[in-house]
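Chemist: The structure's right below; bear with me while I get my questions together.
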Amino acid sequence: MNRILISKTPEFIGKKIKIAGWVNARRDHGKLIFIDLRDRSGIIQTIIIPDKEDVYETAKKVRNEFVIEMEGFVKERPSGAANEKSTIGEVEMEAEGIKILSKVEDGLPIDVSEKEMKLNLETLLNYRSLTLRNEKINSIFKVYSEIINSYNEFMRKEEFLEIKTPKILSAATEGGANFFKIKYFDRDAYLAQSPQFYKQAGVGIFERVFEVGTVFRAEPHFTTRHVNEYVSLDAEMGFIDSFEDIMNQLEKTAAFMLDSVSKNCKKELEKYGAEISDFQTIPRIKLTEALAVLEKEFGKKTEKIDIDPEGERMICEWAKKKYNSDLIFLTHYPSSIRPFYTMPGADPQYTESFDLLFKGVEIATGGQRIHNLNKLVESIKKHKLNPKDFKSYLDIFRYGMPPHGGWGLGSERILQKILGLKSIKEAVLFPRDVKRLAP
Ligand code: AMO
């Protein structure tokens, strides 16, 4: 007999089927044993009656999270039984056979059958291979899969070519201090902080490229928005008129992604009480204007022309009130706080670059790049770096490079914000932070 997925069981009322999965819960009511069986598609309640002696004896041995196979007849459940509080559906199965495929070795440290697991972050992450089995928790990663898939789908539709770039590099990409230096045979190398150099090289070859790839940041802080390894959704495109073109492209991309999640993850969003509002355009304001708003509306003064996490939360609150938008672009960041590759504006103190903020947090950075070799060398020097360290990057600009730009979009931050998760670490299967290298 072929295995049937639990989500398909309502199509088999009155018929005998085989199902397999994990024991979500076992309950004994008088002489009856109930086993809630869980597979990748859902949970079904099964009933084992004492008349079937051998089945009954096996059922008595079964514990939570055992992996079992069951055969039996599908029956409709009494109406009203499948209420909102229950994770079990409209049918149940009366068991005719049980086979134990795998046991739990040392008892369970955590009960994953609860609808709402109230665990602190440490416990949630320490027992990851178990806690991820909880339906509400693993639905996070169904939304994540939709985020990745919709990004990929839309970028292809827009004629970007998918590429994969190296993650072991000879020079740190983004500058600053948050890179990992590694031993590479007899020399030093760096783990990629972003695919920046190689996606730009991609423009010189394919015009439009995108990448979904893991990057590394030696972020020494414990925050709710940083991890040390994350998946960046990158894009880079040639033949742009200005960085407005990049924002237009990202705007369309974000709209498509959020719409896909909203359409295809209804059940998952519901579990988190998450709502996605659709939009056509995203408001755009200069960083300096945003800082003026912060001072006027929130009494928040900043010394440098830069915005901190608190400021980002506030400006998003303001954008929600003023434009009814969960997203806002802040533009024209000062050259001094942007990487050397960023295109300066007409006033060279500022750059043709932006950040995209979503529900209080920066989710993307992007902009136009310098595509003239000499200007790039000048900019490297201005940023107190040595052009010699960037030889192969500079080669990209020796042989004809169109005006271009792109973005890096943090996939886990979008997920975190869509579902309203307190920490980004909940949005990563097996997160890495300063203290955490395992599981
Ligand atoms: P930036 O350094 O701003 O820009 O990173 C882009 C986006 O990546 C996400 N992000 C992170 N997510 C989780 N943990 C971290 N430690 C972390 N650091 C960054 C954020 C951020 O907006 N090369 C440029 C992009 C470009 O201009 O194309 C870059 O990497 O969502």
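Chemist: With a bin width of 5 angstrom, please list the P(r) values of segment 131-427 as percents of all Cα-Cα pairs, from the 0 bin to the one holding the largest distance.
Modeler: All Cα pairs, binned at 5 Å, distribute as 1, 5, 11, 15, 18, 18, 14, 9, 5, 2, 1, 0 percent.
Chemist: In segment 6-102, if the dipole is taken from +1 on Lys/Arg beta carbons and -1 on Asp/Glu beta carbons about the Cα centre, which of GLY72, ALA95, SER7 is farthest to the positive end?
Modeler: Comparing the listed Cα positions along the dipole, SER7 ranks first.
Chemist: Would you list which lysines come within 23 Å of LYS99, measuring only between C-alpha atoms, while excluding same-chain residues fewer than 8 positions from it?
Modeler: Output for LYS99: LYS8, LYS15, LYS16, LYS18, LYS31, LYS52, LYS60, LYS61, LYS75.
Chemist: Based only on Cα atoms, what Rg/Rh ratio does segment 119-186 have, Rh being taken as Kirkwood's radius?
Modeler: Working: Rg = 18.4 Å, Rh = 16.3 Å.
Rg divided by Rh gives 1.13.
Chemist: Also: Any idea what diffusion coefficient segment 6-102 gets from Stokes-Einstein, in µm²/s, Kirkwood Rh on alpha carbon pairs, 37 °C, 0.692 mPa s?
Modeler: For these conditions, the coefficient is 250 µm²/s.
Chemist: Here's another thing I want to ask about it. Please give the Cα centre distance for segment 303-339 versus segment 175-242, rounded to the nearest Å.
Modeler: Answer, in whole Å: 23.
Chemist: Beta carbons within 10 angstrom, averaged per residue: use that to sort the peptides 25-34, 243-252, highest first.
Modeler: Ranked from most to least packed, the peptides come out as 243-252, 25-34.
Chemist: How big is the dipole moment of the chain about its Cα centre under a simple scheme where the beta carbon of each Lys and Arg is +1, that of each Asp and Glu is -1, and everything else is neutral? Debye, nearest 20, please. Walk me through the intermediate numbers first.
Modeler: Working: 68 positive and 67 negative charges, 140 e Å.
Roughly 680 debye for the chain.
Chemist: Tell me the net charge near LYS384. Cut-off is 15 Å between Cβ atoms, LYS384 excluded, with +1 for each Lys or Arg and -1 for each Asp or Glu. Intermediate results must be reported in sequence, preceding the final value.
Modeler: Values: positive: ARG338, LYS381, LYS382, LYS388; negative: GLU174, GLU378, ASP389.
Here the count lands on +1.
Chemist: Straight-line reach from LYS199: which lysines have Cα under 21 Å away, leaving out those fewer than 8 places along the same chain?
Modeler: Straight-distance partners of LYS199: LYS157, LYS164, LYS167, LYS252, LYS375, LYS388, LYS391.
Chemist: In the chain, what percent of the accessible surface is made up of carbon and sulfur (1.4 Å probe, ligands and nucleic acids excluded)?
Modeler: It is 50 percent, rounded to a whole number.
Chemist: Follow-up. Report the charge-dipole magnitude of segment 285-439 in Debye, nearest 20, computed about the Cα centre from +1 at each Lys and Arg Cβ and -1 at each Asp and Glu Cβ.
Modeler: 340
Chemist: Continuing with this model, one more query. Measuring with a 1.4 Å probe in the full set of protein chains, what accessible area per residue, in whole Å², belongs to segment 6-102?
Modeler: 51
Chemist: In square nanometres and to one decimal, what's the mean projected area of the convex hull around the Cα atoms of segment 200-263? Intermediate results must be reported in sequence, preceding the final value.
Modeler: Working: hull surface 24.8 nm².
Mean projected area of the Cα convex hull: 6.2 nm².
Chemist: Here's another thing I want to ask about it. With a 1.4 Å probe and every protein chain left in place, work out the accessible area per residue of segment 336-409 in Å², rounded to a whole number.
Modeler: 46
Chemist: Which order do peptides 354-362, 386-394 fall in by mean Cβ count within 10 Å, highest first?
Modeler: For the peptides 354-362, 386-394, the packing ranking is 354-362, 386-394.
Chemist: Something else about it: Two decimals, Cα atoms only, Kirkwood Rh: what is Rg/Rh over segment 183-230?
Modeler: Taking Rg over the Kirkwood Rh, I get 1.09.
The values are calculated or read from the model by the stated rules, or taken from the named source; none is laboratory data. Here the structure is a predicted model, which means the values were calculated and not measured. Heads up, the Cβs are rebuilt from the backbone with ideal geometry, glycines too, and the neighbour counts pull from every protein chain shown. In case anyone asks, the SASA skips ligands and DNA or RNA and just uses the protein heavy atoms, side chains included. Shrake-Rupley method; radii C 1.70, N 1.55, O 1.52, S 1.80 Å.
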